[in-house]
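Below: the structure, in structure tokens.
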Amino acid sequence: MSYLSLFNLIVYNLLQINLRNVLIFHCWQLPDLMPLAELFSRNYIFSQYVNLNQKSEFLANFHRDYLESEPTKLGVFLDLSCSQSSFITNQTSRARLYTENFHWLLYDEAGNMRLLEELFDKANLSINADVTYVKPNSREERNETRLFTLYDVYNKGSHLGGKLNITIDQSIYCNQSDCEIKEYLSDLYKRTRLQQRSNLQGITFRQVALVTVLPLNSSEKSLINFLNSEDNVHLDWISRLGYRNNLHLQEMLKFNVSYVWRDQWSLNDTIGGAMGEVVNEHVELSTTAFVISDARLRKIFPTTEIGQFRSVCIFRTPHNAGIKAGVFLEPFKPSVWLVFAALLVFSGLLLWIIFGLEQRWLPRCLAYIPSLLTSCLISIGAACIQGSNLIPNSTGGRLAFISLMLTSFLMYNYYTSIVVSTLLGSPVRSNIKTVQQLADSSLDVGFHDLPFNRVYLNSSPRSDIISLVKRKVEGRDPKTIWLSAKEGVLRVRQQPGFVFGLEASFSFNFVEQYYLPHEICELNEILFRPESRVYTIVHRNSTYRELLKQIQLRMLEGGMTQKHRRFYTKSKLHCFSNNYVINVGMEYAAPLFIALLVAYFVALFILLLELSWAYMGRRYWQRLKNLN
């Protein structure tokens, strides 16, 4: 019997979807396969043949032997006329191999549609299945031309209430040399396979919903009302955000939903909580998104990013963190200060010489010659823009005094502008920028009492986290370390210098609620752990993952996901320049008062020395007088 037209159909079908690997389940004689092997060789198609005439015990593990390799995609031809074909379809259904990874071409010489329905009515046939059923319609013996009709076969999800769907696709003429399409019998060719199957009406998705703020024994209506509410949006925000996105999915795909309620993300990477339900394939959807890890990627598939997980430590800079006199010396380098001091001394000496020359050579000058110390005081007074009651009378002397005043004016204005801009130009910021610097500091630390914070502190291999735990956590009262978000944020405001570790998107709502604008500007942030993105997830082997991913990407591009993210999350605090209320604390002003106090003591000490010297001088002269 000649099968050339059928063989050409097989090759034509594979080349249409650019497949170069095929597995043939057949019950033909070996000589009948020679033309097919030649066609495969001519078109560079790698083929393997499995004869179904052998006993079933030899086929018991055929799916492991032939189908559990992981090629990009594998074409599989199955002749339903063979006696063992039902065994192949049943084993394939149990192994869940009717997926997008295999292109199944089912051929029935008798064209018995009822047989197809019997084989696949209860089969584990998925929505992403690539199964084509072929039956011959007519045959012209003269030139071996045959007309084949192709059907698309899939199920929206038999385990979720889906029904077998057999849709006529197209008719193809094939002869001994080639094939051509006669006509399209439906509009399947106008859309992709997923677009054709995007209506999931009639099936019920199982969805795990995470709620930690209500007891799980609450009524389902109460739990759903919480997910729908817009009050206290920071509570379980990540689950409520995913719930809103899944409502859009449900609206677009028209599926029903049943809920599985959990109050934990997971016990570890892949066990327990909401993650465990997805990993064990007990649910198709999850309201909460997850941070992705290597262990999780072996079990789940991330579809789209919907937010970020950002843990930070916040604190206000304490104003009593030590006296800082350096700000008054920072405008000039030491070399500039030395040159300026030398210039003042030189100017004082020059004025003293000028006063002496004027006293000797010019009339109507000062009645006395100021001392060298007085001339230096005049020079220093000019540097401080205080002027002087003693000025030279000569034109040259006055020009020298004007030069001194002008130089001092330029230096003074440059100096004061730098000092003022340093003290008042921006909020006070701490120089503590890393976790290690925080561990080495004297600041007290607290953390938001969340399970992942405790786990991270206890299990992190980072040396700076280990140092922080040893110096700031161990040996301290847990009640002072582990606080609620509201308590920690308020303590940061009331106690500058207290450091609180929190999840930004969860707790920044409290910051905006209780902080004044200028207090937000004073906050310092230290990144507690590397920023992580959170993704919606499905099981790695989920047959709906590509469909869900495409719909979620469309929602992301359309802005729906971003709209919900902005409502439920607050990942950044905004600080504007007009919010600054800058107060110069004693840590900056104290050096000025200390310098003044020291000057008073020095002046008093010198005065006492002068009085003592004068007293000793009078007694000395009195003794001389008495001796004479």
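The values are calculated or read from the model by the stated rules, or taken from the named source; none is laboratory data. A quick note: this is a predicted structure, and the numbers were derived from the prediction, not measured. With ideal geometry, Cβ positions are generated from the backbone for all residues, glycine too; neighbour counts draw on all protein chains shown. These accessible areas exclude ligands, DNA and RNA; they are computed on the full protein's heavy atoms, side chains included. Shrake-Rupley method; radii C 1.70, N 1.55, O 1.52, S 1.80 Å.
Worth pointing out:
- Strands (runs of 3 or more DSSP E) contained entirely in segment 89-177, each with at least 2 residues that are closer than 25 Å to Ser258 by Cα: 145-155, 164-174
- Given (1) open to solvent by 10 Å² or more (accessible area, probe 1.4 Å); (2) modelled with pLDDT of 90 or more; (3) in contact with a His (Cβ under 7 Å, 6 or more places away or on another chain), index of the condition Gln550 fails: (3)
- Number of residues in segment 530-547 that are surrounded by 20 or more Cβ atoms within 10 Å (Cβ to Cβ) and part of a loop (DSSP other than H, G, I, E, B) equals 3.
- Residue within segment 250-266 that is open to solvent by less than 60 Å² (accessible area, probe 1.4 Å) and in contact with an Asp or Glu (Cβ under 7 Å, 6 or more places away or on another chain) present: yes
- When each of Arg240, Arg244, Arg197, Arg206 is tested for being surrounded by 14 or more Cβ atoms within 10 Å (Cβ to Cβ), closer than 26 Å to Gly273 by Cβ, in contact with a strand residue (DSSP E or B) (Cβ under 9 Å, 6 or more places away or on another chain) and of a type in the set (Lys, Arg), the lone residue that passes is Arg206.
- Identity of the residue in segment 320-336, open to solvent by less than 80 Å² (accessible area, probe 1.4 Å) and more than 14 Å from Val419 (Cβ to Cβ), that ends up modelled with the highest pLDDT: Ser335
- Exactly one residue out of Gln207, Gln201 is among the polar types (S, T, N, Q), under 37 Å from the mean Cα position of the chain (by Cα) and assigned to a strand (DSSP E or B), and it is Gln207.
- Scan of segment 114-159 for residues that are acidic (Asp, Glu) and either open to solvent by 40 Å² or more (accessible area, probe 1.4 Å) or at pLDDT 90 or above (or both), ordered by number: Glu117, Glu118, Asp121, Asp130, Glu140, Glu141, Asp152
- Test set (1) at pLDDT 85 or above; (2) assigned to a helix (DSSP H, G or I); (3) closer than 26 Å to Asp121 by Cβ; (4) open to solvent by less than 60 Å² (accessible area, probe 1.4 Å) - Leu36 fails condition number: (3)
- Check on Ser286, open to solvent by less than 40 Å² (accessible area, probe 1.4 Å), at pLDDT 80 or above and of a type in the set (Ser, Thr, Tyr): yes
- Any pair with Cβ under 6 angstrom, 6 or more apart, that starts in segment 80-94 at a residue that is over 14 Å from Leu105 (Cβ atoms) and ends at one that is at pLDDT below 85 and open to solvent by 10 Å² or more (accessible area, probe 1.4 Å): Phe87/Ser56; Gln91/His63
Residues checked against (1) open to solvent by less than 70 Å² (accessible area, probe 1.4 Å); (2) assigned to a helix (DSSP H, G or I); (3) out of contact with any Leu (no Cβ under 9 Å at 6 or more places or on another chain):
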position	(1), (2), (3)
Lys470	no, yes, yes
Gly497	yes, no, no
Ser505	yes, yes, yes
Asn524	yes, no, yes
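- Matching option when the condition is farther than 18 Å from Leu338 by Cα, at pLDDT 75 or above and open to solvent by 40 Å² or more (accessible area, probe 1.4 Å), among Ile380, Ile385, Ile418: Ile418
- Exactly one residue among Phe46, Phe7 is in contact (Cβ under 8 Å) with a residue 12 or more places away in the chain, farther than 24 Å from Asp152 by Cβ and not hydroxyl-bearing (Ser, Thr, Tyr), and that residue is Phe46.
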